[in-house]
Amino acid sequence: MSKKGKLDGIFRPKSVAVIGASSRKKSLGWEILNNLILSGFNGKLFPVNPKADHIHSIKAYSSILDVKDKVDLAVIAIPANGVLKVVNDCGKKGVKGLVIITAGFREMGGAGILLEEKLMKLVRKYNMRMVGPNCMGVINTDENVKLNASFAGVRPEPGKIGFLSQSGALGESILNHAKNLGIGISKFVSMGNKPDISGNDLLEEWEHDENVKVILMYLESFGNPKRFTKIAKQVSRYKPIIAVKAGRTVAGARATISHTGALAGVDVATGALFAQCGVIRVTSIEEMFDVSKAFLNQPVPKNGKVAILSNAGGPAIMATDACVRLGLEVPELSKETQAKLKKVLPIEAAVANPVDIIATGGPERYEAALNVLIKDKELGSIITVFIPPLTIDAPAVARVIAKANKRTKKTILSVFMAKDEAEEGIQILKNNNVPVYLFPESAAKALSAMVRRRLWLDKPEGKIKRFNPNIDRVKKIIKAARREKRRALTLQESFEVLQSYGIKSLKPLSATDVEEALSNAKKIGYPVVLKLDSIKASHKSDIGGVMLDLRSDQEVKEAFKKIKLKARKAKIAWSDCTILVQEYISEGIETILGVQQNPSFGPLMMFGLGGVHVEVLKDVSFGITPLSDVAAKDMVRYIRGYPMLKGVRGEKAIDENALVDSLQRLSKFVSDFEEIAEMDINPFLLRPKPKSSLALDARILLTEL
């Protein structure tokens, strides 16, 4: 899959032209050329400015066409109205890569959109690759390149992080934060409007880049989520991808008939997408770097079991609470391990986990305890917490932790809760590849991310199951609805759609009068259910359009009259109504299967505990189509109520395989028909007997014409 080398013109140029280079200090053209010089660029530099002979003591050129040497990369920082001519000249010159700093394109709307479209035609015409427009530039700290083609005021130290940002201003802030933390950067890209090179291209470029060990992403939007899914899944197998996604809240809402539509949103879709791709989502830039320095310096733990070693009870409890809250396990240590700890620690020490060597504990006790803990085969990781009393040699404690780190394959994170007093010790830990944090919660978040990665790496990739649905039957149903200019399918039509895709459901019988309802009830056999079927009543239960557990002719007659009365009160014409008669089934667990067509991500799948209270309980999970068997299982097992499905208090477990199969069939359906705007199967009744689970109700809404 890797496209390694395709962006050499951007990241590994042997010659760079700065078009718009300037001798005026603090101008963009001056800053960019200055950064290229100060970075020690291992190549030729060509300032281009028709009004200057020399800039920074380097010969300047009126046009890139005047440069006799070959030019690999052109960095453009001139007014927007001159960009097209310059890019055309770059194409004629044979330039491979463009970094267009200039703003005034798509982000401006109107004429800016047209200008960007013309720009892309030129880029494609000459087979160039482009970062920008409206960006801060690119950086490659590789010793063999030393490229800083940006106007960033911060010059990062070399490192193993590949960082891409959709925000130039935030990118500079992040570079500054990384430098303050002592974290080096391998590659940095401010993508700008990204009509050509996007985050997907950079992931492919960095997949097998030996100088990129961890990939960081700041995203504001997705260009092609389906392509991102495919690429990120692949890259995540090789190296961790850590992302901050801006825009977590939903700006505005629209009318919806489905519970899925009410519960889904942009942030939900982003979370589902990242989860299926193995991307580690963090909530802040600070957390991004806390997590990244753990991945840069430590192995991924073999499991989620962590030992906490501290010289103070309070911080030990804080660390324990944080770990448990984040899904890590702080198990009671084995009797064998506790016995070994008791031999080397004072009687006052706590040895169950967390291990508290008490305040007088110095380097000797840390060393003794660590020697025991690193030999415990059940543990995947250790968090060491240290508060430096005046009487304890903090650097000596740090050296002990660093020594233990070299002797184990376990993940070791450290917390030094006094930065100024322990600065020397903190530096010792950093120099020896032990991530160090100021507070236990930060270490717990980093470790939690590492364990999530372990679960991802251990998980099989999953398969997309093949089905043979009756597509023609569904096409006819949708065509009929379109012909009648209605978006909602009837309940009867919805059941036909489910049956066409092999999703088991009750086969209802329709009735337009009481006599027909009675006849259908006798055919089905009591008890039965009567349901109002009308496109004007999307939530039948809300208006009293569902009558359950009817056991006689008289009850059917009374229920029919009541539903007719409820329809009238809801101002629904009886000519728009049909009554459906179904078998009444009460045994089973009510769940919901749903879909919403997300404008950015495509079909978004939902599963959760169902019934009329689904929007109150909100015990749901989401997935992105196409849904593999593994992704479908994850959706089922991620809800809080999953233990109910496995059977509690003597109850039998539901047929999980049938549920996973139904979710995949639904995924296939919405992948086949982009006309589906949203949909609920609610309730989908789960039962223990194989292939006995089935849909009792469904709603399908088509997209607007």
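The values are calculated or read from the model by the stated rules, or taken from the named source; none is laboratory data. Remember, predicted model here, so these are calculated numbers, not experimental data. Note that we place each Cβ from the backbone using ideal geometry, even for glycine, and neighbour counts take in every protein chain shown.
If a residue has to be assigned to a loop (DSSP other than H, G, I, E, B) and in contact with a Phe, Trp or Tyr (Cβ under 9 Å, 6 or more places away or on another chain) to count, how many in segment 656-696 make the cut?
Of the residues in segment 656-696, the ones assigned to a loop (DSSP other than H, G, I, E, B) are 673-675, 687-693, 696.
Applying the additional criterion that residues be in contact with a Phe, Trp or Tyr (Cβ under 9 Å, 6 or more places away or on another chain) yields 693, 696.
Qualifying residue count for the region: 2.
Taking residue 340 as meeting all but one of (1) touching a residue at least 40 places away in the same chain (Cβ under 8 Å); (2) assigned to a helix (DSSP H, G or I), write down the number of the exception.
If we test residue 340 against (1) touching a residue at least 40 places away in the same chain (Cβ under 8 Å); (2) assigned to a helix (DSSP H, G or I), just (1) comes out false.
Working carefully through the options 106, 124, find the one that is of a type in the set (Lys, Arg), modelled with pLDDT under 95 and farther than 18 Å from residue 175 by Cα. Please lay out each step first, then the result.
Values: 124 fails: modelled with pLDDT under 95.
After ruling out the rest, the residue left standing is 106.
When residues of segment 352-371 are filtered for being within 26 Å of residue 425 (Cβ to Cβ) and either surrounded by fewer than 21 Cβ atoms within 10 Å (Cβ to Cβ) or outside the structural domain of residue 443 (by TED's automatic domain parsing) (or both), how many remain?
Step one: list which residues in segment 352-371 are within 26 Å of residue 425 (Cβ to Cβ), which gives 353-371.
With either surrounded by fewer than 21 Cβ atoms within 10 Å (Cβ to Cβ) or outside the structural domain of residue 443 (by TED's automatic domain parsing) (or both) added as a condition, the list becomes 358-360, 362-364, 367-368, 371.
Summing the residues that are within 26 Å of residue 425 (Cβ to Cβ) and either surrounded by fewer than 21 Cβ atoms within 10 Å (Cβ to Cβ) or outside the structural domain of residue 443 (by TED's automatic domain parsing) (or both) in segment 352-371 gives 9.
Just to be sure before I move on: is residue 582 closer than 21 Å to residue 536 by Cβ, buried (at least 20 other Cβ atoms within 10 Å of the Cβ), touching a residue at least 60 places away in the same chain (Cβ under 8 Å) and not assigned by TED's automatic domain parsing to the domain that holds residue 525 in the structure I sent?
Values: closer than 21 Å to residue 536 by Cβ: yes; buried (at least 20 other Cβ atoms within 10 Å of the Cβ): yes; touching a residue at least 60 places away in the same chain (Cβ under 8 Å): yes; not assigned by TED's automatic domain parsing to the domain that holds residue 525: yes.
Yes.
Determine which member of the set 83, 75 is assigned by TED's automatic domain parsing to the domain that holds residue 32, in contact with a helix residue (DSSP H, G or I) (Cβ under 7 Å, 6 or more places away or on another chain) and part of a strand (DSSP E or B).
On the way: 83 fails: part of a strand (DSSP E or B).
Testing whether each residue is assigned by TED's automatic domain parsing to the domain that holds residue 32, in contact with a helix residue (DSSP H, G or I) (Cβ under 7 Å, 6 or more places away or on another chain) and part of a strand (DSSP E or B) leaves just 75.
Restrict the check to segment 620-634 and report whether at least one residue is over 26 Å from residue 471 (Cβ atoms) and surrounded by 24 or more Cβ atoms within 10 Å (Cβ to Cβ).
Looking for residues that are over 26 Å from residue 471 (Cβ atoms) and surrounded by 24 or more Cβ atoms within 10 Å (Cβ to Cβ), one finds at least one in segment 620-634, hence yes.
Residue 310 is checked against (1) crowded, with 18+ Cβ neighbours inside 10 Å; (2) polar (S, T, N, Q); (3) without any contact (Cβ under 8 Å) to a residue 60 or more places away in the chain and fails just one. What number does that condition carry?
(3)
Would you check if residue 545 is closer than 17 Å to residue 683 by Cβ, touching a residue at least 12 places away in the same chain (Cβ under 8 Å) and small (Gly, Ala, Ser)?
On the way: closer than 17 Å to residue 683 by Cβ: yes; touching a residue at least 12 places away in the same chain (Cβ under 8 Å): yes; small (Gly, Ala, Ser): yes.
Yes.
Does residue 333 count as farther than 15 Å from residue 397 by Cβ and under 36 Å from the mean Cα position of the chain (by Cα)? Please lay out each step first, then the result.
Numbers: farther than 15 Å from residue 397 by Cβ: yes; under 36 Å from the mean Cα position of the chain (by Cα): yes.
Criteria met by residue 333.
Can we say residue 14 is within 18 Å of residue 143 (Cα to Cα) and either surrounded by fewer than 16 Cβ atoms within 10 Å (Cβ to Cβ) or modelled with pLDDT of 95 or more (or both)? Spell out the reasoning first.
Working: within 18 Å of residue 143 (Cα to Cα): yes; either surrounded by fewer than 16 Cβ atoms within 10 Å (Cβ to Cβ) or modelled with pLDDT of 95 or more (or both): yes.
Judged against the criteria, residue 14 is a match.
Considering only residues of segment 23-32 that are touching a strand residue (DSSP E or B) at 6+ places or on another chain (Cβ under 9 Å), surrounded by fewer than 24 Cβ atoms within 10 Å (Cβ to Cβ) and not hydrophobic (A, V, I, L, M, F, W, C), which is modelled with the highest pLDDT?
Per the criteria, the residue is 31.
Any idea how many residues of segment 402-425 are assigned to a helix (DSSP H, G or I) and within 15 Å of residue 294 (Cβ to Cβ)? Before the answer, list the steps.
First, pick out the residues of segment 402-425 that are assigned to a helix (DSSP H, G or I): 402-406, 423-425.
Next, from what is left, pick out any that are within 15 Å of residue 294 (Cβ to Cβ): 405.
Total meeting the criteria: 1.
Being under 42 Å from the mean Cα position of the chain (by Cα) and without any contact (Cβ under 8 Å) to a residue 24 or more places away in the chain narrows it down to one residue among 599, 626; which is it? First the steps, then the outcome.
Values: 626 fails: without any contact (Cβ under 8 Å) to a residue 24 or more places away in the chain.
599 is the lone residue from the list that is under 42 Å from the mean Cα position of the chain (by Cα) and without any contact (Cβ under 8 Å) to a residue 24 or more places away in the chain.
Please give the helices (runs of 4 or more DSSP H) falling wholly within segment 94-207 in which 1 or more residues are under 22 Å from residue 227 (Cβ atoms) and not assigned by TED's automatic domain parsing to the domain that holds residue 437. Outline the logic, then answer.
On the way: elements: 111-125, 168-181, 199-206.
The qualifying helices (runs of 4 or more DSSP H) are 111-125, 199-206.
With 46, 41 as the choices, which residue is closer than 21 Å to residue 135 by Cα, of a type outside the set (D, E, K, R) and in a strand (DSSP E or B)?
46
Among the numbered criteria (1) closer than 27 Å to residue 347 by Cβ; (2) in a helix (DSSP H, G or I); (3) out of contact with any Phe, Trp or Tyr (no Cβ under 6 Å at 6 or more places or on another chain), which single criterion is violated by residue 457?
(1)
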